[in-house]
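Visitor: The structure under discussion is supplied below as structure tokens; questions concerning it will follow.
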Amino acid sequence: MERVEFLFDFGSPNAFLAHRLIPGIEKRTGAKFVYVPVLLGGIFKATGNRSPAEAYASIKNKLGYERLETERFLRRHGIGDFQFNPHFPVNTLVLMRLATAAEMDGNLPAVIDAIFHHMWVAPKKMDDPAVLQSALHESGLDATRLLEHAQAPEVKQRLIANTEDAVARGAFGIPTFFVGSEIFFGKDRLRDVEEAIAAKG
């Protein structure tokens, strides 16, 4: 089986929606997605890209259409608990360092589920340190240990390395997927990702 990777940043609502669909793909294909924390702001800076909200702000009707496509996606896949975060955009530097620390500790799935929940199901201002700590406690995580580890130099360097590697491999936004060396961008490419897994598996 080819290595299947999901490059994510908690600040992307589309990454959350992709996360919701991944278990179904894993069940159908037998593949196991490897979650790779990256910093979306770093990818944007390195590639000259901008968020859709910024890039489409001056295009009449474009943002309205993007919202319509999101509503269609939610209906199509039966996702009823998604809520747009009223504090968007949220600075995710600390969040992604937390994810990187959890990855190094072998505790990434629990941290992913918790932070995605507090970003896009019960949305909070997750770049507020007090709010973040409270949310981690609410999810049964050791907030003090996680936040301390997130500040370790090796964690910061790993997140930088993950982000630089993503750009070197062709990433320009989130969510990005790799099936082996083949790149796919966006939640709407998950069907192509699944087909690629089946073909390579």
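The values are calculated or read from the model by the stated rules, or taken from the named source; none is laboratory data. No experiment lies behind these values; they were computed from the predicted model shown. Backbone-built Cβ (ideal geometry, glycine too); neighbour counts: all protein chains shown. SASA here: full protein model, heavy atoms, side chains in, ligands and nucleic acids out. Shrake-Rupley method; radii C 1.70, N 1.55, O 1.52, S 1.80 Å.
Visitor: Find how many whole Å separate the alpha carbon centroid of region 1-69 from the alpha carbon centroid of region 79-132.
Guide: Here the answer is 14 Å between Cα centres.
Visitor: What shape does region 84-201 take by its C-alpha gyration tensor, where a ≥ b ≥ c are the square roots of the eigenvalues and a/c under 1.5 counts as rounded, a/b above b/c as prolate, and the rest as oblate? It would help to have the intermediate numbers written out before the result.
Guide: Numbers: a/c = 1.99, a/b = 1.57, b/c = 1.27.
Prolate shape, in that a/c is at least 1.5 and a/b is the bigger ratio.
Visitor: Okay, moving on. Counting only pairs 8 or more places apart or on different chains, how many lysine pairs in the chain have C-alpha atoms closer than 26 Å?
Guide: Summing the qualifying lysine pairs gives 18.
Visitor: Hey, could you pull the Cα Rg and Dmax for region 1-47, both in Å?
Guide: For region 1-47, the Cα-based Rg and Dmax read 12.2, 36 Å.
Visitor: Cut-off 10 angstrom, C-alpha nodes, Gaussian network model of the chain. Which of GLY173, GLY42, GLY80 fluctuates the most?
Guide: Per the Cα network of the chain with a 10 Å cutoff, GLY80 tops the list.
Visitor: When all protein chains stay in place, what accessible area (Å², nearest 10, 1.4 Å probe) is found for PHE184?
Guide: 30
Visitor: What does the helix-only formula give at 222 nm for the chain: each DSSP H stretch with n ≥ 4 adding -39500 (n - 2.57), the total divided by the residues, and the result rounded to the nearest 500 deg cm²/dmol?
Guide: Details: 10 runs with 115 residues, N = 201.
Using -39500 (n - 2.57) per qualifying helix, the result is -17500 deg cm²/dmol.
Visitor: Now for a separate question. If you place +1 on the Cβ of every Lys and Arg, -1 on the Cβ of every Asp and Glu, and leave all else neutral, what size is the dipole of the chain about its Cα centre, to the nearest 20 Debye?
Guide: Numbers: 24 positive and 25 negative charges, 113 e Å.
Dipole about the Cα centre, nearest 20: 540 debye.
Visitor: What nm distance separates the two modelled labels at ALA57 and MET104, each placed 7 Å from Cα along Cα→Cβ?
Guide: So the two model labels end up 3.5 nm from each other.
Visitor: Out of ALA152, ALA15, ALA102, any idea which swings most in a Gaussian network model of the chain, alpha carbons joined below 10 Å?
Guide: Residue with maximal mean-square fluctuation among ALA152, ALA15, ALA102: ALA152.
Visitor: With only alpha-carbon atoms in the gyration tensor, what are the semi-axes of the equivalent ellipsoid for region 1-99, in Å, largest first?
Guide: On the way: eigenvalues 117, 80, 33 Å².
Over the Cα atoms of region 1-99, the ellipsoid semi-axes are 24, 20, 13 Å.
Visitor: I would also like to ask the following. Just to confirm a number: summing +1 for Lys and Arg and -1 for Asp and Glu over residues other than PRO109 whose beta-carbon lies under 13 angstrom from that of PRO109, what do you get? Intermediate results must be reported in sequence, preceding the final value.
Guide: Details: positive: LYS32; negative: GLU26, GLU103, ASP105, ASP113.
Computed value for this residue: -3.
Visitor: With springs connecting C-alpha atoms under 10 Å apart, model the chain as a Gaussian network and identify which of PHE178, PHE44, PHE116 has the largest mean-square fluctuation.
Guide: Checking each option, the largest mean-square fluctuation is seen for PHE44.
Visitor: Would you list the P(r) distribution for region 45-147, with all Cα-Cα distances sorted into 5 Å bins from 0 and each bin expressed as a whole %?
Guide: 2, 11, 18, 19, 17, 16, 11, 5, 1, 0
Visitor: Further question on the same structure: So how much slack lies between ASP192 and GLN133, counting 0.36 nm per residue of separation and subtracting their Cα-Cα distance, in nm? Before the final figure, lay out the partial values.
Guide: Numbers: separation 59, 0.36 × 59 = 21.24 nm, distance 3.76 nm.
Extra length from ASP192 to GLN133 when fully extended: 17.5 nm.
Visitor: With a Cα-only, solvent-free Debye model of region 120-176, what are the log10 I(q)/I(0) values at q = 0.21, 0.28 Å⁻¹?
Guide: Per q value, in the given order, log10 I(q)/I(0) is -0.93, -1.00.
Visitor: What value does region 147-201 have for Rg/Rh, both radii from Cα atoms and Rh as Kirkwood defines it? Could you put the intermediate results ahead of the total?
Guide: Numbers: Rg = 14.4 Å, Rh = 12.8 Å.
Here the Rg-to-Rh quotient is 1.12.
Visitor: Pull up all non-local amide H partners of VAL38: gap of 5 or more, or a different chain, and H-to-H distance under 5 Å with H placed in the peptide plane.
Guide: PHE8
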